[in-house]
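Reviewing the structure listed below.
The values are calculated or read from the model by the stated rules, or taken from the named source; none is laboratory data. Everything numeric in this text was worked out from a predicted model, so none of it was measured. Neighbour counts are summed over all protein chains in view; Cβ atoms, including those assigned to glycine, are modelled from backbone coordinates with ideal geometry.
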Amino acid sequence: MKTSTTWMKCLTAASLVALTACGGDSQTAGNGGNSAVPASASAGPISGFGSILQNGRRYIVDDNTLVRIDDNPSTSDLLEVGEFVFITSSSIDGNGNPIADTVIQETLLKASITSLDADNQRFNALGQTVQVRANTVIDSSFTSAIGGTDFDRLEVGDGVEVSGYIASDGVLIATYVGYEDNVSEPRVIGKVSNLNSEALTFEINGLEVNYNTAALSALPSNAPANGITVRVRGSLNGDILNASTVKGFSDGFDDLDDGVEAELKGLITEVTSSSQIAVSGIPVTIAPGAEFSGGNAELLVVGAVVEVEGTWSEGVIIADEVEFEQEENISLHAQVSAITATNLTLNEGTITALGLTLVSNTSTRYEDDSEAEESFFGLDDLAINDYVELQGYQSGNTLVLTEVTRVDLELPVQVVLEGPVTATTPNTALSILGVPVDVSASDFEDDNDNNISASTFFSAITIDSTVVEVEGSYNGSVITAEEVELED
């Protein structure tokens, strides 16, 4: 991402040559045992810390790393898991980890929530629609709901800051929703439309922006234009945002030199052909013979989340690897019974709970919502008997973790397990992912939370296909369910 043309050109020079042109300290190959490698750039959500885990890599943040948050110099300890960042690198440490030259984070939206749509997991703020997804990280500072989802912690009037992707229709797809107690100067990033150069107004997804007294920068001909993406700050006057600043905004890729290794995780916003797409507005060409993971070219559709990896060339990422984000269909809340580690710095290993062993990797997000509040929480901070909320998906016979959240243990200990039903004994028992569940004294609900009979519940089950959530107690081998619910 870039905050202005001058700044990003400076960043590019820093990443690919040295930092002295920007007034920083120079960093050369061999500094501290580091080695020069082909320059690289990566954009996507943060999955963990120590230093920064993103797109399956660990980026080392050291004293020479330039960190900017919302166009201001900052430090990496103010970043959050789930926030979308742009990272450049031109060297590696002695362990082969890329060293970050620059880390840039930009907030897409900062404002107060004006309406909530729980059915569709959306909210509106500053006239912008924000979509919350199953893997969106929602700040634990929001009021805790007595059950339900993380979305249920949000309330009208809450101040939020949103990080993530901009969909082709302008909807903000949140990877992170943070709590913000000061929204007196709201801000938004989006495309200009309905420009009126005489009235000095334009719109961003229906929000009217008045830029009559705004400071303008990094804009073509120093003026807004329809179709360009801008960052706007200002104050609200009714439903109109009176802008104090309007700056041109870019993604960070378009100032890179050809040949730079490029990696991007984002939303497919355009599909021209099976080999020509755009990810978060960035043109991507799928190279012949490209390796696909988690899907194939037929799944390249607008709205799909993918991670592409390749080389930057003449304004396009030439991708030789395409990985599809997998839909989470496994969830469990329970105490940890075993941990194995293969590479703690990359959060690689396994976690066992409820008799299930799940694989953690560099893409697994780690958060600590317990009283310990570890800022840089990871697999190495986890302990036996910690109570965790695990999210993931099934890949063949492997259970892969996408998110690990540690929370405080409450007594009596309740467990939750959601996943495909693998066996049934009508009206009395079932198994989820092979875990036995006694449902003989359970309440049954359909996928609309309506109470149903046991016979109706069991008649709706297709083995290895139907997903069910159970809540109850666990004796070390069997879950005794108090509530069983069919999932969509």
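The table below lists the values:
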read-out	value
Residue list for region 276-294, restricted to those being more than 20 Å from the chain's Cα centre (by Cα), surrounded by 14 or more Cβ atoms within 10 Å (Cβ to Cβ) and in contact (Cβ under 8 Å) with a residue 12 or more places away in the chain	I277, P283, V284, T285, I286, A287, A290, F292
Elements of type strands (runs of 3 or more DSSP E) contained in region 210-309, each with 3 or more residues being touching a helix residue (DSSP H, G or I) at 6+ places or on another chain (Cβ under 9 Å)	282-293
Residue count for region 450-474, restricted to those that are charged (D, E, K, R) and either closer than 24 Å to V413 by Cβ or outside the structural domain of L433 (by TED's automatic domain parsing) (or both)	2
Residue within region 373-380 that is in contact (Cβ under 8 Å) with a residue 60 or more places away in the chain, of a type in the set (S, T, Y) and closer than 28 Å to L78 by Cβ present	yes
Qualifying residue in region 260-274 (condition: touching a strand residue (DSSP E or B) at 6+ places or on another chain (Cβ under 9 Å), charged (D, E, K, R) and within 23 Å of V230 (Cβ to Cβ))	yes
Among the candidates P436, P420, residue that is more than 30 Å from the chain's Cα centre (by Cα) and in contact (Cβ under 8 Å) with a residue 24 or more places away in the chain	P436
Checking D320 against (1) outside the structural domain of T398 (by TED's automatic domain parsing); (2) part of a strand (DSSP E or B); (3) touching a residue at least 40 places away in the same chain (Cβ under 8 Å), the condition it does not meet	(3)
From V439, V467, residue being crowded, with 18+ Cβ neighbours inside 10 Å and in contact with a helix residue (DSSP H, G or I) (Cβ under 9 Å, 6 or more places away or on another chain)	V439
Single match in T345, T340, T311, T352 (criterion: at pLDDT below 95 and polar (S, T, N, Q))	T345
Qualifying positions in region 175-191 - more than 19 Å from F142 (Cα to Cα) and part of a strand (DSSP E or B)	R187, V188, I189, G190, K191
Any hit, region 386-397, residues being part of a loop (DSSP other than H, G, I, E, B) and more than 32 Å from the chain's Cα centre (by Cα)	no
Qualifying residue in region 398-406 (condition: free of Cβ contacts under 8 Å to residues at least 24 places away in the same chain and outside the structural domain of E471 (by TED's automatic domain parsing))	no
Unmet requirement for P220, which otherwise passes all of (1) farther than 15 Å from I317 by Cα; (2) at pLDDT 95 or above	(2)
Members of region 192-205 found to be of a type in the set (S, T, N, Q) and not in a strand (DSSP E or B), listed by number	S197, N205
Any hit, region 315-336, residues being loosely packed, with under 15 Cβ neighbours inside 10 Å, β-branched (V, I, T) and at pLDDT 95 or above	no
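Residues checked against (1) more than 22 Å from G56 (Cβ to Cβ); (2) not assigned by TED's automatic domain parsing to the domain that holds R58; (3) not in a loop (DSSP other than H, G, I, E, B):
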site: A341; (1), (2), (3): no, yes, yes
site: T345; (1), (2), (3): no, yes, yes
site: T350; (1), (2), (3): no, yes, yes
site: L358; (1), (2), (3): no, yes, yes
site: S363; (1), (2), (3): no, yes, no
site: Y366; (1), (2), (3): no, yes, yes
site: S370; (1), (2), (3): yes, yes, no
site: E373; (1), (2), (3): yes, yes, no
site: F376; (1), (2), (3): no, yes, no
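Results for (1) modelled with pLDDT under 95; (2) not aliphatic (A, V, I, L, M), shown as yes or no for each residue.
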position: R231; (1), (2): no, yes
position: G234; (1), (2): no, yes
position: L241; (1), (2): no, no
position: S244; (1), (2): no, yes
position: S250; (1), (2): yes, yes
position: D254; (1), (2): yes, yes
position: L264; (1), (2): no, no
